[in-house]
Structure formats: C-alpha cells, structure tokens
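The values are calculated or read from the model by the stated rules, or taken from the named source; none is laboratory data. Just so you know, these numbers come straight off a predicted model, no measurement behind them. In this analysis, Cβ positions are derived from the backbone assuming ideal geometry, glycine residues included, and neighbour counts consider all displayed protein chains.
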Amino acid sequence: MIKFFLRNYLCLLNVLCYAQTNNFLGGSISWQPVSPNITNATTVAITLQQTYSWVNSVWACLALSGSLIQTLVCLAGCSSNATGIFVKGPCVYYDFGLDVTTAQSVKTLSYALDAQLVLAYQSSTWTTLVSGATTWSVATYINLAVRNDTGVINSSPRANMTPVVVVPVNTQQTLRIPMTDSDYDVVKCRWASNASAVASTTIDEYSDYDVVKCRWASNASAVASTTIDECSGVCQDLSGAKLYTSSNTDNNCTIVFNTSVVGYYCIAIQIEDFMPSSPNGTALSSIPLQFLVRGVQVSCGIPTITGEPTNGDTIYVQYNITYSTVITAQSGCSSTKIVRFLTIILPSGLASISTLFQSSSVLYSTILKWTPTIDQINTKQLFCTFAIDSNNSLSAEYCLNFVVIAQIAATASNNDSINWSLILGLSLGIGLPLCILMNILSYFNFPRWFNKKFSSKAKTLSRLQEDQTSSGQKRIDNGTKLYRELYIQPDDRMSQSLSRTMSTSSISW
C-alpha cells in the first residue's frame, strides 16, 4: 500500500513539474457541426478538434494522452456543458529532430441552436522565447446560428502549420499559412489580439425597414460584444513581420518576416471565414493558430525544392483522373542530405505522398498522387511541404494550388466537324481569290501567249519533219550506192565473173 501511494505521489509530482516547465509550442482549435443541415432542433452537436504541440523531451506521448489534466475555459456565452473539456489527447505526430510532440483531441459536444460562445486554452508555460511572455491564450469563437445565405449551420475554417519552422537568421522569409473551409467561404487571417471584440449582434442591412421577430429565450445566447484575449503574452511577438491576406476564395495568408537573433519566436494569428457575398462583413467564426519560428545560424546552405512545377503554380486537374508529379529537393551542401519531406497539407480526398528516394548524389524526391472526386469540381485545393536535411534545416515552404475541373472529352464527330470547317475556310479564303486572279490574268495574256507558243511549236515541228526527211533521203542514197557497188558492176567485170562461174560449173560436173 505504501508503494502504491508513493508511486502515485511521484507520478503527480512529475506531472506538476512538467506543468511548470517551459514546454508549450502552440496549437489550434477548430469545430464543425455533426449535421449542419438539421436546423429545426433545439440543440446542435458539434465536433471540437484541439491540436497542441509540446517539447518532446519534456512531454512524452503517454503523459499527453493520460496525465494532462488541464481543461478549456469559456470566455463568453458560457453554459454548464462548456466546462470540463480536457485538452489531453492521443499523439498524432512526433519529431525527434525538432524535439516536437503533437497531440490531438476530438470530442463531440452539444449546445443550443443559435448559441455563440468562446472557448480557450490558457496557461503559462510557453517554451523560452526571444521576446514575449510565457503566458498563452488559444481561443476559438463558435457561432451556431443558421446562416442566412445557405440555410445551414456554419463550420469553422481549418489551418495547418508545422509546430516549429526553422529558418536562418538575417534572411527574409515568406511563409504561407494553408487555410481551408468546408463551406467554401472566403477565409482570411489577421494578427491575434489580447483585446478582440467578438460581435454577437446581427448587422442591420435594411435601414429602417426592419423585420422584427421574436424567439424563445436561451441560456447560451450572447447579447453584447465581449472583449476576448486571443494571445496573452505572445501577441505579434515577431517584430517587423508583415501579414498579407485576400478577400476572395484564394484563401491567401502570407507572412513575411526576418529573424535577427538565434532563438524561438511566436506567431499568433486568427483564421476567420466570411460569406462570399460579404467578404468584408462580420466573421462567421474565428479559430486560432499559434506556432514557433526558430532562427538558427547555418554553416552551409539550406535545402531547396527545385524543378517543375515551381512553387506557387496553379494546376487544373480533371476529376476522376489521377494527377501525379515528382517533388525534388536538393541538399544545401555536400555534407548534408535530405532526410524527409514534412507535408503540411494535402488536397482533400485520395491524396498520398510516397516514401523518400534518392535520384542523384544531391537530389532526393517524393511522388505526390491525387485523384479528385466529382463533388470537388470548381473547388480549390492546396498542397504544401518542406524538405528537411540531416541538420534539421528546413527548405523554404513549397506550395501548389489546384483547381478541380470537369473532364474534357472530345468526340470523333467534333474533330471531323472542326477539320471540315478548317478546310472550307481555307478553300474560301485562299482558293476563291486565287481562281479569280488566274481568270483575270488569262483574259489579258492568254492570246499572245498562245500565239507565241503555237507558232514556236509549229516551227519546231516543221524543222523536225525536214530533218527527218533529209536524214531519210541520205540513208536511201547511201544504201543505193552500196547496193550498186556490190551487185551492179560494169559490163566487162560482169562478163568476166559470168565466164568464170560457167567454167567452174563445167569442171564440177
């Protein structure tokens, strides 16, 4: 019995020591309704997803999934079932090189229809930072009202980023935050604030001609805007960083920054979705994303992702047709090699990344494959990855944009009609003017040309006939002369030959 209590005491002491150690590396909270189309019920069931990262050497997976006893706090619109939500969850990722462990908790909760509330994870053990305090607040704004544009309950956007981004100091860096939204809303980002006002009243869009309604009172309805602490001691921790976002469905969120001192810096932003018809109106929901940038001194170059397609390209992919491409990275110097690709986000659906393979002495590759489905037509998808070398240095972020389109099918009849149209066009455009030109030229020049040609040919024919006649006469004269020389002799020679012949004949007899 004494051993049992002693073991439990040591375990509790160990957990308390962990809790006081600087070990937090950031995280995010997102949510979505289980049945967004059910809008006539009194309650709404949502799936709440919490993702947090910790220093791996301090928090092992077992402690994160079992011993961590911290819970979320409700900052606005609280009800009895908004408390007691544990942050612990099973490990989903760990990286010994970056000393990172990531745990994820997924829970189903129920709240009243039209409820608006803010849940947050707050504590005070950020890892040691170059600047900023160690306290944190990771807050999400949940709005379960029925949307007036789609008639369903909204789902929050999602954002992905590696817990630690390693960059060389004194070098300007550009980092894109991958953001997605299942409702295909306009998604934007902004810096988190420790004095953010969460609006809970409906904007009047119809001047004085209002539609007045009544509803049952609710114990989870917020009636006034509330000031929320979204980042505590790490608000805009990276001095000089610039944040760029867009008010369209490109869902662009880009941070440009430079680290001047070796160490950790915190990035704390809020990701918010807006109705496409009102991209600059009131946010439908807001989720946090907090992660670290680590500035390091490098003795040689960092990895680079090279080749085609290039970073930031937009690629149109037909649904139900597999897209495949090779992603190739090059090590920064001869003493290092690429050890893996750290993929931040894949296109939704049937997407995969192959294992790393070496294609040359300094080049390492992986293969991205993705088959979009028919329900993804006209949607935009995103792929982002980093290459990591044996020194745990990361390449610049590499992203590809995808747009899903319908299949392009060309039939034989279409091809034939196109060819015939081309032939007809060429005939009318070239053949007809050429025929007219030939007729005009023949009208003016043909008589003289014909007379000249005919006269020349007649003379040539006459000359040939004369030559043939003369040649024939010469052949006849020559033949006659030869015949006469052989067979027609003078009388004396002929008589001598005749007598000689007769004499010979008589002897023979």
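Remarks
- Contacts under 8 angstrom Cβ, first residue in the range 103-115 being outside the structural domain of residue 77 (by TED's automatic domain parsing), partner among the charged types (D, E, K, R), 6 or more apart: none
- Residues of the range 136-163 that are surrounded by fewer than 21 Cβ atoms within 10 Å (Cβ to Cβ) and under 22 Å from residue 234 (Cβ atoms): 160 alone.
- Filter pass, residue 130 being in a loop (DSSP other than H, G, I, E, B) and either closer than 30 Å to residue 304 by Cα or at pLDDT 95 or above (or both): yes
- Tally of residues being under 29 Å from the mean Cα position of the chain (by Cα), in a loop (DSSP other than H, G, I, E, B) and of a type in the set (A, V, I, L, M) across the range 293-308: 1
Let's see how each residue does on (1) assigned to a strand (DSSP E or B); (2) in contact (Cβ under 8 Å) with a residue 60 or more places away in the chain; (3) in the same structural domain as residue 394 (by TED's automatic domain parsing):
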{"site": "321", "(1), (2), (3)": "no, yes, yes"}
{"site": "326", "(1), (2), (3)": "yes, no, yes"}
{"site": "333", "(1), (2), (3)": "no, no, yes"}
{"site": "361", "(1), (2), (3)": "no, no, yes"}
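- Selection status of residue 366, buried (at least 18 other Cβ atoms within 10 Å of the Cβ), touching a Cys at 6+ places or on another chain (Cβ under 9 Å) and of a type outside the set (Gly, Ala, Ser): no
- Hey, residue 234 touching a Cys at 6+ places or on another chain (Cβ under 9 Å) and at pLDDT below 95 or not: yes
- Hits in the range 28-55 - residues which are in a strand (DSSP E or B) and among the polar types (S, T, N, Q): 28, 30, 32, 43, 47, 49, 50, 51, 53
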